[in-house]
Every structure is written in C-alpha cells, then in structure tokens.
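Reviewing the structure listed below.
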C-alpha cells in the first residue's frame, strides 16, 4: 500500500480524473472530499463489506415450513392479483 | 436447451433467461451468469441461481410483496450499464437471509436490490447508500407494516 502524508486542503490525484482532498481532521475523524467521474462508484468500505456478508449469509438460507407460514399471506394476496 | 447442475438441482437453461452480472455480485465477484428460478414449493421466494458454481443459489423476492411502498432509485450509470430504456425492462428483486432454524428472524436487504434488465439480460446489485433503507429489515415486521398501510388505505378510500 502506498502511504502519503497530506495536510488539510492538500490533495491526491489518482489517474486522470480522481481527486481526493483532505478537508478536515478532528480527533480520530478525517473528512475527505472526493471528485471523480460518475462512472466511478464510491462506497464506504464497511457498507460494501456488509452487503457481501449478507449475500454470503443468504446463500446459507434454509427454506422450511416456518418460512412458508410467514410468507403465506403475501403469497395469497399476490396470486390473487395475477 | 442446455442442462446445468446447480445448487437447486439440474436445470434446463433457456439461454434467453440467463442474466449476466458483468461485475459479479458482492461476495460472488467471480460469478457472472445467473438465472432466476421460480419453484412452486418455495414461491413467492425465487432463487438467483449461479450457472458458474453449483454451490450458489440465493433466495430473492419481489420487494413490494414485503414493503408495499418500497422505492428504488436507479442511478444514471446503472441505466447506461444495463441499457435500461423503460420501466417495462425492469425486474427488481431483494435478497433474503433465512437463518437456519429461525425463520422468524428472516431479513430482507432493501438497500441493495438486484436490478435486472429483462430485455438485455443484464443484471447488477445496486447499492442505494443514502436511501434510508438498511440491509437487514426484519421480514415479519415489514409485512405487519405493509398490512397496516394497506388497511389504512382501504379504510380511507372505502
């Protein structure tokens, strides 16, 4: 990993069109400004990671009678609309 | 029709129904081709089944069955990527987690719906970070909430 030291209001440029600027440092929190093309998706890493975890948990799901009971109502209503 | 072994058994694959996730989905980044399978015994739960790995099948559902007033905001980039031209192209699904032995704690991920363009066969799990939706809404609570909304609506109109 490349490590750089930056002061407040200093930036880092990545590639041709991504700029990351340090806006504010307060205790343990750093406020960062990011300018990037719309096509570049930016997420807080913990959100992406938690969605990843949910998808993996989903894969372990077990379908039982209890599930059918919970969804029984929506099932009938939906069928009625078809 | 090609036969493929999947987690939910051998399936006959209709090429036209294959959904391609160009970047995979979080947690399964290396898998590209999926198919949405509706099984009578698990309906209204559908399965997003991997055609690349026989171990991966994810339960998904039409999110509006669980949350009647759900709203999905599809960003411009996704519209371009999936070549979405209109509402009629869309199929939206939400991922369910059904804990083993504890179906009452089943949750639905409303923050990151699966968006599929039925016409082009392209799919993506989008992340609506600022939507106010979470990744773990309890399904029983959402159904209760939706029922109440429907009831209030019918009382007000009737």
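The values are calculated or read from the model by the stated rules, or taken from the named source; none is laboratory data. None of these values were measured; they are calculated from a predicted model. No Cβ is skipped: glycine too gets one built from the backbone with ideal geometry, and neighbour counts run over all protein chains shown.
So which residues in region B:104-132 are without any contact (Cβ under 8 Å) to a residue 24 or more places away in the chain and part of a strand (DSSP E or B)? Across region B:104-132, there are no qualifying residues. Looking across region A:43-82, the residues that are assigned to a loop (DSSP other than H, G, I, E, B), within 30 Å of residue B:55 (Cα to Cα) and modelled with pLDDT under 90 come down to A:43, A:44, A:62, A:63, A:64. Residues in region B:142-152 that are without any contact (Cβ under 8 Å) to a residue 40 or more places away in the chain and either in a loop (DSSP other than H, G, I, E, B) or surrounded by 13 or more Cβ atoms within 10 Å (Cβ to Cβ) (or both): B:147 alone.
For region B:69-103, a residue qualifies if it is surrounded by 13 or more Cβ atoms within 10 Å (Cβ to Cβ), touching a helix residue (DSSP H, G or I) at 6+ places or on another chain (Cβ under 9 Å) and within 14 Å of chain A (Cβ to nearest Cβ), and the qualifying residues are B:70, B:82, B:93, B:94, B:95, B:96, B:97, B:98, B:99, B:103.
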